[in-house]
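Trainee: Mind having a look at this structure? Questions to follow.
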Amino acid sequence: MNITPSDRVHPRVLIIGGGLSGLSAAVELAGRGYPVTLLEQRQHLGGRTYSFVDEVTGDVVDNGQHLLMGCYHQTRRYLKTIGSESRAFLQPNLRIEFLHPRRGPATLSCPASPAPLHLLGGLLGLNSLSWNDRLRLLRVGLELQKDPMRVEPQLSPLTVDEWLTSLGQSPDNKKYLWDVIAIGSLNDDPRTVSALLFYRVLRSAFLGARENSSLLIPRVGLSELLVDPALKFLESRGSSIRMGVGVDGMEVREGRVRSVRSGSETFEVDAVIAAVPYYALDVIAPGLSTPGEKQSPGEETAFESSPIITINLWFDKPVMEQEFVALLDSRVHWVFNKSRILASRKEEGRLQMAEGRLQKTDGRQYVSLVISGASGYVEMEKEEIVRIALEDLRYVFPEVGHAKLVHSLVVKEKRATFSPTPWVESLRPSSQTRLQNLFLAGDWTNTGYPATIEGAVMSGRKAAELIV
Ligand SMILES: Cc1cc2nc3c(=O)[nH]c(=O)nc-3n(C[C@H](O)[C@H](O)[C@H](O)COP(=O)(O)OP(=O)(O)OC[C@H]3O[C@@H](n4cnc5c(N)ncnc54)[C@H](O)[C@@H]3O)c2cc1C
């Protein structure tokens with residue numbers, strides 16, 4: 001097949017992979033008048049960010065609760081381009097409520113002062129910590145203000161935990177603040193993940209404009225926010241989006257990709273963006289020798305995946321009021337009140353059992369619980385995971401003991417992100433490859449950030465710009 005834009009003014013660009021990196025590249029190119037062809041092996045777009053309708057309740061469920069931040073500038077630009085910015089809510093100021101089973105609630109609430117004073121106010125007001133510990137937090141704040149050119153080289157070999165220790169952070173400071181942020185943003189144990197990436201996450205969030213640190217909360221399913229509007233945008237600009245088409249090889253001659261193959265179909269190309277995960281690239285371009293997935297423990301020349309588990313629970317009556325909370329000293333890290341979050345977009349209802357399908361009536365509540373860095377749980381039976389979730393939830397929301405669980409749905413994403421250990425940074429490839437017209441995109445390429453939506457969107461845009 002010859003993918004020829006009608007006028008042939010632009011090169012024939014083929015994008016492999018319809019996750020956010022591929023979609024971001026496609027949107028960038030199409031927005032500049034380059035119609036693209038995008039091939040996605042699955043029957044739906046979105047990669048690791050998608051939603052689906054739960055058959056029992058009829059509710060829209062995400063493959064995993066995602067949180068974005070005000071500092072996701074590239075993602076916000078992408079949302080604006082595809083016209084879905086208003087489908088996510090940006091907190092006016094950062095506010096996170098923490099619940100501890102015995103110590104009770106605490107809040108990180110940044111006042112409406114200019115940055116970085118807002119951070120100072122937030123840290124000093126964190127009432128889960130003693131005054132001495134709150135003052136210790138400021139040492140991290142001061143470190144963030146220093147010149148990154150001086151700080152970053154010292155951080156490269158360190159883990160988050162080692163760095164925090166070197167800054168005099170107490171066990172409580174780690175447990176009740178820094179670890180929560182580190183596990184949430186880097187998706188693995190702070191004792192194994194990169195201090196450098198954590199430092200960059202903190203700098204992006206807490207320096208610059210005050211809104212950088214605010215959370216950006218999707219008010220709709222992930223597909224409605226990030227994927228469906230992108231598809232519309234692309235189709236309206238003459239791009240061709242093909243689903244259920246997996247690429248299994250390419251023809252390379254004289255240092256350039258000449259064509260891409262999917263089964264018996266061949267696509268002639270001028271430029272290609274491979275926006276697939278590290279474990280999928282070898283099938284497409286075996287000769288590139290980019291690092292793949294770790295096969296044995298201790299191997300430091302490959303990526304290791306870290307899972308995320310989302311436990312969706314439906315109760316017959318409300319068990320929590322807050323929109324979302326972070327749990328401390330708990331196996332579950334976050335709880336999202338989906339009924340409330342989605343309420344502004346959708347009529348709320350209650351559930352009744354009828355012919356095996358739950359029907360909406362008033363009063364029910366749908367909540368999503370997240371376990372990040374979930375390697376210790378991912379092989380457990382789903383029933384056991386639900387049991388753990390209910391136990392942890394009951395500690396902080398006693399109403400759970402009086403409510404009836406009417407439905408549950410556990411989503412395990414085994415390869416949610418790569419585990420960002422200090423040495424992994426050196427493995428992450430740049431967008432350019434040794435083939436002149438083949439570019440890489442994906443959250444695992446060297447974006448400088450952990451595996452996030454922002455990293456994926458950023459990488460796609462960068463690959464597109466290299467082509468332009
Ligand atoms: C449960 C969960 C929770 C998360 N929470 C957050 C969060 O709160 N905040 C945040 O910022 N990030 C979060 N992330 C991370 C974020 O979702 C990812 O970083 C991002 O979606 C990665 O996008 P990508 O395009 O790089 O890769 P993917 O989304 O993996 O896209 C790659 C695509 O390539 C396709 N593909 C592979 N091989 C081929 C082939 N041969 N031919 C054609 N197509 C192919 C795949 O099917 C896939 O659709 C979370 C991830 C998960 C799973």
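Throughout, read-outs are computed from the coordinates displayed, never taken from laboratory work. Because the structure is a prediction, the values reported are computed rather than measured. Ideal geometry is used to build each Cβ from the backbone, glycine not excepted, and the neighbour counts take in all protein chains shown.
Trainee: Expressed as a rounded percentage, what relative contact order does the chain have, with Cα pairs under 8 Å and six or more residues apart?
Mentor: Once normalised by length, the contact order is 24 percent.
Trainee: Let me ask something else about it. Please report the antiparallel percentage of the DSSP beta bridges confined to the chain, to the nearest 5. Walk me through the numbers before you get to the answer.
Mentor: Details: 53 of 73 bridges.
Bridges in the chain that DSSP calls antiparallel: roughly 75 percent.
Trainee: Counting Lys and Arg as +1 and Asp and Glu as -1, each charge on the Cβ, what is the dipole of the chain about the Cα centre in debye, to the nearest 20? List each step's numbers first, then the result.
Mentor: On the way: 53 positive and 54 negative charges, 197 e Å.
Here the chain has a charge dipole of around 940 debye.
Trainee: Find the eigenvalues of the gyration tensor of the Cα atoms of segment 93-213, then list the square roots of 5 times those eigenvalues as equivalent ellipsoid semi-axes, largest first, in whole angstrom.
Mentor: With the √(5λ) rule applied to segment 93-213, the semi-axes are 21, 18, 13 Å.
Trainee: Charges on Cβ only, +1 for Lys and Arg, -1 for Asp and Glu, centred on the Cα centroid of the chain; of S259, G31, L327, which one is farthest towards the dipole's positive end?
Mentor: It is G31.
Trainee: For the chain, what are the DSSP H helices with axial Cα length of 20 Å or more and mean Kyte-Doolittle hydropathy of at least 0.0?
Mentor: 453-467
Trainee: Answer with one residue from L119, P148, I181: the one whose Cα lies farthest towards the positive end of the charge dipole of segment 93-213, charges on Cβ with Lys, Arg +1 and Asp, Glu -1.
Mentor: Looking along the dipole axis, the top candidate is L119.
Trainee: Which of rounded, prolate, oblate describes segment 174-299, given a ≥ b ≥ c as roots of the alpha-carbon gyration tensor eigenvalues and a/c under 1.5 marking rounded, otherwise prolate only if a/b is larger than b/c?
Mentor: Note, shape of segment 174-299 comes out oblate.
Trainee: Could I ask something else about it? With a ≥ b ≥ c the root eigenvalues of the C-alpha gyration tensor of segment 242-336, is it rounded (a/c under 1.5), prolate (a/b larger than b/c) or oblate?
Mentor: On the way: a/c = 3.97, a/b = 2.09, b/c = 1.90.
The shape class here is prolate.
Trainee: Peptides 388-396, 135-143, 91-99: what's the order by average Cβ count within 10 Å, highest mean first?
Mentor: On the way: 388-396: 19.8, 135-143: 16.0, 91-99: 17.7.
Highest mean packing first, the order is 388-396, 91-99, 135-143.
Trainee: Roughly how big is segment 180-274's charge dipole about its Cα centre, with Cβ charges of +1 (Lys, Arg) and -1 (Asp, Glu), in debye to the nearest 20?
Mentor: 360
Trainee: Using only the Cα atoms of segment 169-233, build the gyration tensor, take square roots of its eigenvalues as a ≥ b ≥ c, and label the shape rounded, prolate or oblate: rounded if a/c is under 1.5, else prolate if a/b is larger than b/c, else oblate. Kindly include the intermediate steps, with their values, before the conclusion.
Mentor: Details: a/c = 2.52, a/b = 2.02, b/c = 1.25.
Prolate, because a/c is 1.5 or more and a/b exceeds b/c.
Trainee: How large is the translational diffusion coefficient of the chain in µm² per second when you combine the Kirkwood radius over alpha carbon pairs with Stokes-Einstein at 25 °C and 0.890 mPa s? If you can, show how the numbers build up before the last one.
Mentor: Details: Rh = 23.3 Å.
Answer, rounded: 105 µm²/s.
Trainee: Which part of segment 294-334 falls in the paramagnetic zone of E383, meaning amide N under 19 Å from the point 7 Å along Cα-to-beta-carbon?
Mentor: 311-314
Trainee: Using a 10 Å cut-off on Cβ atoms, rank the peptides 239-247, 56-64 from the highest mean neighbour count down. Before the final figure, lay out the partial values.
Mentor: Numbers: 239-247: 17.0, 56-64: 19.9.
So the order, starting with the most tightly packed, is 56-64, 239-247.
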